[in-house]
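Structure, as structure tokens:
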Amino acid sequence: MAKGSLSSGAIDPTALEAESLQAIGAATSTEALDEVEATLLGKRSALATAHRRLGQLDPETRRSAGRELNDLRARLEAVIAERRAGLRADERSAVLEADRLDLSEVVLEGLRTPLRRGHRHLVTSTRDALEDVFVAMGFTVAEGPEAETDWYNFEALNIPPAHPARGMYDSFYLDVGEPETVVLRTHTSPVQIRLMEAAVAAGSIPIHSVMPGRCYRRDTADASHLPVFHQVEGVVVDRGLTFADLAGTIETFTAAYFGPEVHSRLRPAYFPFTEPSAEYDITCTICLGAGCRTCSGTGWLELGGCGMVDPAVFDAAGIDPLEWSGFAFGFGIDRCAQMRHEVADLRNLLESDVRFLRQF
Ligand code: PHE
């Protein structure tokens with residue numbers, strides 16, 4: 001039976017297919033395509049009507065006509081699906097295009113404003129300058145962790161549990177492991193122990209190192225105290241060192257960093273990890289020793305502590321105190337910045353106010 005056998009019925013399939021394809025191609029949105037689909041394939045479409053009328057045909061004609069109608073429907077469905085996918089993609093990219101933020105104006109505006117070149121924070125540049133001075137004096141630079149064990153921060157430094165010296169350090173403890181076993185280091189002195197242990201293991205004593213870094217104490221911030229501050233530690237381990245080596249090193253550093261008119265002074269003090277120990281003062285940088293409000297009329301400003309390494313510390317680190325001697329010192333980096341640049345209030349160093357920071 002030839003194609004077109006349905007022309008004797010209600011429709012001419014060839015013409016219907018051509019018309020349908022044209023209608024599908026003419027639909028320019030998914031919405032329009034939905035309507036075209038309903039017209040071409042819906043219940044009241046010519047195709048559905050022809051299908052319903054198949055019953056009126058004789059059995060043999062009915063079979064081939066039925067197959068013809070089904071094939072036509074399948075072809076149209078495929079063409080519609082393909083057209084719908086294409087239209088949907090077009091519509092989606094149109095939406096994206098409409099939503100896209102045009103940033104070119106913002107970028108251009110930014111480029112019209114001249115960029116100011118940034119620079120290192122005052123604390124960082126101070127730390128770098130201190131390192132430079134010490135490196136020039138023959139020291140190497142080392143670092144240690146900020147979260148320390150009780151052993152390194154206290155015990156190995158000759159501060160056993162319940163030692164009254166722990167009162168000097170209001171500590172922040174971390175909530176890990178046993179209570180009060182991990183502490184945010186209260187000073188950089190624990191790095192001394194780490195360096196000594198490493199040098200013992202590597203057989204590389206003598207040691208001449210400085211160790212800068214961040215420290216933490218449970219202090220309320222005021223003009224001269226911060227709960228987070230920076231220290232630089234120094235340790236020298238060698239044969240036959242005396243207090244004169246310590247004093248000479250401190251004086252050389254002081255003049256090199258603060259200028260030839262600024263000197264150092266060592267006053268007797270107590271630290272559990274040095275013996276003898278001293279407080280390290282420098283000439284007041286404001287009045288150069290004449291006496292002023294900043295130095296309470298004394299002409300001196302306190303910068304840190306120092307002393308000869310206590311034999312108990314050498315023991316803890318596995319170094320023979322009869323063979324080796326050592327000295328150590330530690331002082332505030334923020335304090336150095338404050339004194340060299342006349343910063344009235346240390347809290348300015350934490351506040352990230354560019355109007356303050358830009359000056360340095
Ligand atoms: N760690 C001491 C402090 O922070 C300073 C110090 C370092 C003293 C080295 C002696 C030797 O108070």
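Structural remarks
- Segment 241-305: proportion of alpha-carbon pairs further apart than 13 angstrom, %: 63 percent
- Each peptide in 250-261, 226-237 gets a packing score, the mean of other Cβ atoms within 10 Å over its residues, and the list from highest to lowest is 226-237, 250-261.
- Nearest-10 value in Å² for the accessible area of Leu76, using the 1.4 Å probe: 0 Å²
- Averaging the Cα positions of each part gives two centres, and for segment 304-346 and segment 202-267 these lie 5 Å apart.
- Simple Cβ-charge dipole of the chain, Lys/Arg +1 and Asp/Glu -1, about Cα centre, in debye nearest 20: 1560 debye
- Taking amide H as placed 1.01 Å from N in the peptide plane, Leu226 has no amide H partner under 5 Å among residues 5 or more places away or on another chain.
- Less than 5 angstrom separates the built amide H of His121 from none of the residues sequence-distant by 5 or more or on a different chain.
- Under-5 Å amide H pairs with Gly299, H placed in peptide plane, nonlocal only: Gly291, Cys292
- The gain in end-to-end length when the Arg62 to Ala15 segment is fully stretched comes to 14.9 nm, 0.36 nm per residue minus the alpha carbon separation.
- Across segment 173-284, Cα-Cα pairs more than 19 Å apart make up 61 percent of the total.
- Taking every protein chain into account, the accessible area of segment 3-112 amounts to 69 square angstrom per residue (probe 1.4 Å).
- With contacts taken as Cα pairs under 8 Å and at least 6 residues apart, the chain reaches a relative contact order of 13 percent.
- Each stretch of four or more DSSP H residues adds -39500 (n - 2.57); spread over every residue of the chain, this sum gives -13000 deg cm²/dmol at 222 nm.
- FRET efficiency for the pair Ala198 and Trp151, taken as 1/(1 + (r/R0)^6) with r the Cβ-Cβ distance and R0 = 22 Å, rounds to 0.90.
- The alpha carbon radius of gyration of the chain, expressed as a multiple of 2.2 N^0.38 Å, is 2.07.
- For segment 127-173, the set of GluC sites (Glu not before Pro) satisfying both a DSSP loop assignment and a count of at most 16 other C-beta atoms within 10 Å is given as Glu143, Glu146.
- Applying a DSSP loop filter and a limit of 10 other Cβ atoms within 10 Å to the trypsin sites (Lys or Arg not before Pro) in segment 250-341 leaves Arg293.
- Descending Cα extents along the principal axes, segment 3-112, whole Å: 84, 21, 17
- Just the protein heavy atoms count here, and of the accessible area of segment 168-285 at 1.4 Å, carbon and sulfur take up 55 percent.
- With Cα atoms defining each centre, segment 104-126 and segment 24-74 are spaced 69 Å apart in the structure.
- Rounded to whole numbers, the Karplus 3J(HN,Hα) couplings from phi for segment 34-48 are 4, 5, 4, 4, 4, 5, 7, 10, x, 4, 9, 6, 4, 5, 5 Hz, using 6.51 cos²θ - 1.76 cosθ + 1.60 with θ = phi - 60°, and x at Gly and Pro.
- In segment 232-360, the C-alpha radius of gyration followed by the widest Cα-Cα span (Dmax) gives 16.9, 54 angstrom.
The values are calculated or read from the model by the stated rules, or taken from the named source; none is laboratory data. Nothing here was measured: the structure is a model prediction, and the numbers come from that model. Note: ideal-geometry Cβ built from the backbone for every residue, glycine included; neighbour counts use all protein chains shown. Each accessible area value is taken on the protein alone, full model and side chains, heavy atoms only, with ligands, DNA and RNA left out. Shrake-Rupley method; radii C 1.70, N 1.55, O 1.52, S 1.80 Å.
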